1. With r defined as the distance between the Cβ atoms of His543 and Asp201 and R0 fixed at 25 Å, what FRET efficiency is calculated, to the nearest 0.05?
2. Which residue, Asn212, Leu235, Ala351, has the largest displacement toward the positive end of the dipole of the range 187-363 when charges sit on each Cβ (Lys, Arg +1; Asp, Glu -1)?
3. Too long at a 28 Å Cα-Cα cut-off: which of Lys67/Lys627; Lys407/Lys690; Lys73/Lys550; Lys407/Lys687; Lys65/Lys627; Lys139/Lys540?
4. What share of the DSSP beta bridges in the chain is antiparallel, in percent to the nearest 5?
5. Please compute the modelled spin-label separation between Ala226 and Ser643, points set 7 Å along Cα→Cβ, answer in nm with one decimal.
6. What relative contact order, as a whole-number percentage, does the range 604-725 give when Cα pairs under 8 Å and 6 or more residues apart are counted?
7. At a threshold of 8 angstrom on Cα-Cα distance, excluding pairs fewer than six apart, so keeping six or more, what relative contact order does the chain reach in percent?
8. How many nm separate the modelled label positions at Lys400 and Trp124, each set 7 Å beyond the Cα in the direction of the Cβ?
Amino acid sequence: MTSILSRRDFLKIGAASAGALALGQMLPAKVAQAARAAGLINAEGDGVISTMCEMCVWRCGVLAKIKDGRVVKLDGNPEHPHSRGKLCPRGQSGLMNTYDPDRVLTPLVRVGKRGEGLFRQASWDEALDIVASNMLKIKEKYGAEAMVFSSTHNLSQVQFENLLYAFGSPNYGTQRSLCFNAMITAFQLTYGVEEPSRKYDDVEFILMVGRNMMEAISTSETSELAHAIDRGAKLIYLDPRYTKTASKATEWIPIRPGTDSAFLLAMINVIVSNELADCEFVKQYVVGCDDLPREMSRYTTEWAEKITGVPATTIERIAREYAAAKHCALAHPGWRTSNFINSFQTERAIATLNAISGNVLKPGGCLSAELVSEGAGLDAPPQPPYPRISALRLDGTPWKYPLVPLKLGVFQELRDAIITGEPYQAHGWFISRQNPIMSLPDRAKTLEAFGKMDFIATVDIIMNDTAWFSDVVLPEASYLERYDPLLPVDGKAFIRQPVIEPQGEAKSALWIYKQLGERLGLGDYFQYEDEEDYIRQQLKPLHVSLEEVKEKGYAEMPEEKKNKEITFNTPSGKIEVYCETLKNAGFSPWPTWEEPPMPSEDEFYLLTGKVAQHTQFGTQNNQLLHKYSDEPRLWMNTKTATSMGLEDGDWVEVTSQVGTAHSILLATEAIRPDCVYLTPGYGHISKGLKTAYGIGASDSAIHATYTDPISGGQALSQTFVTVKKA
Ligand SMILES: Nc1nc2c(c(=O)[nH]1)N[C@H]1C(S)=C(S)[C@@H](COP(=O)(O)OP(=O)(O)OC[C@H]3O[C@@H](n4cnc5c(=O)[nH]c(N)nc54)[C@H](O)[C@@H]3O)O[C@H]1N2
Ligand SMILES: Nc1nc2c(c(=O)[nH]1)N[C@H]1C(S)=C(S)[C@@H](COP(=O)(O)OP(=O)(O)OC[C@H]3O[C@@H](n4cnc5c(=O)[nH]c(N)nc54)[C@H](O)[C@@H]3O)O[C@H]1N2
Ligand code: SF4
Ligand SMILES: [Mo]
């Protein structure tokens, strides 16, 4: 246990333990017993168990086929609203997430230098003691705020947050500011809801602004869009790249990056100045309706043409078609809306377009923003109140970013505070289910911040790049091997349950956080005996047994009572196209054009964006998905490439103000001449990822950090690069 492993030996750990476990797994004791008792598998260990996918955050329902105690096939659960019987390619390849030969299957403690990859195996007791004693040492010496916590959306996150708030640190980093801060803050301020739900049943006209639904997949919504297109709904799609969604669109508009809000403001102007809006709805529910035509009048289509490169006549026509579709028009809110420092304004304009089409609240309307309801929810284990936290947050929320909700934060700004030690020095970082070394922009800066840490611990299932630079790695059981808290969706509480026994020593996050909590003297915050007890406590108000839920896959929840009176959860109770809160914080109360920086003549916009077969930075090592992925190339417009003397297949050097990457060139018509595009998630630096290591370049290594001052969103398209033959 205590021997120091060379890198070669270390790399053998995954394969050796996975091999040994394949045998041990034939008779999964506890899981098989429970599954047999529930009638889910037969005496031979074969059957189908209902659980949920975790290959991305959409969490589709899964039916896992088990043979001889091994998972052999994953199918979509027809009863789950997110899957409706279907799984995307990543969901179907989820077995290799569990059977990845590079799984970390015992706790590991670093023995070499950080980043050298030398670890030794440790028992859970020892590893947890090391983590807890380091956290306590930091707390005693520098205060709880000197510990940074970070994690990306997952079902156990509620207990991760419980741990950090009980510990007493305000410093919490999530993926949100790299993902959807602009959309959430804009809709929160305008409608008082975080994210309105979309309905495609009656939709006739859809405007999508860089929401690549056909590749950045949410199984149910992606199929709903496909069906809507099939039955003749129009899709207008704005993206500087010709994506798979563009290929399904009625019209692809290769807009200049960062200028979407100019396009949308001009659309609003056409609609309100020609009195094409749903006046009755607007008068009743929209704050600012009287002044909107005056405020928008400067945003003419001719003005927008100069900025966006889209002909004025096209903008005018699209605005009129949008208005003509009335409540069956949908301006989609988008998802990863972290593109430019003006992305908040883009989202405000989208929120406004929806308000004036009257598609909210109408029968057949396709945006549902009236989410004010009295939840009849699940229970949770009891716990004492959290300690009061008076330290400033290192990410600047809210003292630098007054309108960013604490829940969202400004993750990318944490690192400057860590590096400069201002307003105080952080000393430790606890990370779970996240790969910030890859997902934050400017990888060198993240590594520099890591260098300032006395202690780093990571919870993951594989040796991701962040784990590779950590002092202790705690192996979580994969999503097919563990319980998580229940997930309520559309009136049902769905269960994630183990369909096989955890391999090696891997444990659920619910178990890990509780063990750690107890060692930190915070046991009162973790009042559940084990995972099953946690879920039983959640189920209490529903009067249904865990056994029933395991068998059915979900518990019915009592219907939520909707508030009878329609009010929006804003200070005025209406849709705030004119927003006093923004004004009071020193920002424009109206949706407004803010000019973003533009590249110089020899530079390109560097675009990022998802591909259908991978999720973020965590699936490239999945051998089923990897098999079908070519090494990603740098997209460049064919004419631009020719004018630069570059050819398809050339190796090129891509340089930004923060870094350089090398990639093979893909000359293509599918991108604007002033842009290049690189697929995220490649260029891993962890040698513990034997399948993914050494493949492709990392766009995170060349992304610069720019933050939208209103929403706190990172501007991921605002990095400009030069390209030359390598
Ligand atoms: N297969 C797959 N599906 C996923 C994910 C995944 O990793 N893989 N991740 C999930 C998550 S966490 C998220 S947040 C969503 C993201 O869903 P989307 O927001 O649809 O995702 P992206 O592909 O990141 O970005 C969409 C597009 O924005 C374009 N773009 C860049 N800058 C601009 C601009 O200035 N204007 C316009 N109009 N377009 C621009 C890019 O070219 C890209 O095609 O996907 C979810 N679904
Ligand atoms: N360049 C660039 N940067 C981006 C984006 C982009 O498109 N391009 N997208 C942004 C967006 S939209 C998002 S949401 C963020 C995502 O950023 P992150 O959340 O940092 O990225 P993920 O790849 O989702 O990281 C998830 C980690 O969870 C691990 N994991 C998988 N399953 C489990 C499990 O069951 N338990 C545990 N403990 N760990 C598990 C994976 O191995 C992986 O290391 O990145 C943002 N950053
Ligand atoms: S969209 Fe795909 S990866 Fe995401 S939860 Fe559903 S099946 Fe899994
Ligand atoms: Mo995201």
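No value in this document is a laboratory result; all are computed from the given coordinates. As the structure is a computational prediction, the values presented were derived from the model and not from experiment. FYI the Cβ positions are ideal-geometry reconstructions off the backbone, even for glycines, and counts take in every protein chain you see.
1. Once rounded, the FRET efficiency stands at 0.15.
2. Selected residue: Asn212.
3. Lys407/Lys690; Lys407/Lys687; Lys139/Lys540
4. Beta bridges within the chain, antiparallel portion: roughly 55 percent.
5. 3.8 nm
6. Computed value for the range 604-725: 35 percent relative contact order.
7. That works out to 19 percent.
8. Inter-label distance under the simple model: 4.0 nm.
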